[in-house]
1. If packing is taken as the average number of other Cβ atoms within 10 Å across a peptide's residues, how do 231-237, 151-157 rank, most packed first?
2. Taking the chain, how many lysine pairs are there with alpha carbons less than 16 Å apart, if each pair must be eight or more places apart or span two chains?
3. Of the options 101, 32, 67, report the single residue whose Cα projects farthest towards the positive end of the charge dipole of the chain (beta-carbon charges: Lys, Arg +1; Asp, Glu -1).
4. Pick out, from 209, 274, 246, the residue whose Cα sits farthest towards the positive end of the charge dipole of region 201-278, with +1 on the Cβ of Lys and Arg and -1 on the Cβ of Asp and Glu.
5. With a cut-off of 8 Å between alpha carbons and a minimum separation of six or more residues, what is the relative contact order of the chain in percent?
6. Averaging sequence separations of C-alpha pairs under 8 Å and six or more residues apart, then dividing by the length of region 1-85, give the relative contact order as a whole percent.
7. Label residue 3 and residue 153 with points 7 Å out from Cα along Cα→Cβ: what is the distance between them in nm?
8. Which net charge results for the neighbourhood of residue 268, defined as the other residues with beta-carbon distances under 9 angstrom from its beta-carbon, given Lys and Arg at +1 and Asp and Glu at -1?
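The values are calculated or read from the model by the stated rules, or taken from the named source; none is laboratory data. All values derive from a computational prediction rather than experimental measurement. All Cβ positions, glycine included, derive from the backbone under ideal geometry; neighbour counts span all protein chains shown. The protein model used for the area step is the full one, side chains on, heavy atoms only, and it has no ligands, DNA or RNA in it. Shrake-Rupley method; radii C 1.70, N 1.55, O 1.52, S 1.80 Å.
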Amino acid sequence: MFAFSNVPVGKLTATVNAWSPDDASQYRLQDWSLRSLQGQEDVFKYHSLANGLRATLCSIGAKIAYAPSVANMSAVIAHPEDLKKDKIQLGEIELYRNPGFPADGVFLQPGEAFVMSAADCPPIIATAGEHMIVSHAGLRSLAETGAVLGRPSRRHISVVYTIIEELLKKGESLNEIVLYMMFCVPAEMFDHHPLHPEHGTYNRKLVEMVDTLWNGSTFRKNGNVFLDMESIFVKQAREMGVYRAWATHSLREFPALAHTRDGKDPSRRNLFVVKRNT
């Protein structure tokens, strides 16, 4: 487990913890995928996962946690009431998911936590004044598949734009917004080969869009193309007028944490928990 306490993001701070698939073994789990934990009935069906998740949340003192359905990479930011349709009780901890409302992120109040299982996808912590959003940031969250293919279907191509819009709706100014990303897949391993037998056409269109909109966020080596999601994130923020945006602590610094290019089972998932400090 890797722990960062009192991470400063603007005027606020967060506690950020990451548990690897190896950490999951102490709870008799293969990894931290939350896919099977959707409602209260699943606590009894998948008691090892429920016990492991409860233990991790207890360890950082979180009593209320949100685990939005991030797999859709929807670029949606939820408000707590959007996710409170159903409550999953994990002992003294209240966990909210609402699988019927896919979202990448959620607003947090002091003491509340955001939870996600992920491999390549980093969390983003965003603040402005007394507001905090924590969000999942998969590649499709940052660059909508439909937009890549010329068929955009959502309001924003990137969750970064949504985060900024939501904070502006709260009456905050651009110069108050701070964005911080952690645990991103290393760019030098995040390849998107233009001649991939299955994904080559999509990869070429993706790289073309990234090079056009966020120039400098790809590099080429030996005929392959590599995407730098940290760069995409920072350039998107600055495009919107937010200049306090940083990405640090990529997964290259934490070899125990899984990602899909690490040569191991690509289905392995880490657990990331971000708690807004009081």
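1. Answer by packing, highest mean first, reads 231-237, 151-157.
2. 5
3. Sorting the options by dipole projection puts first 101.
4. Value: 274.
5. RCO, the chain: 24 percent.
6. Relative contact order comes out at 15 percent.
7. 4.3
8. Every neighbour counted, the sum reads -1.
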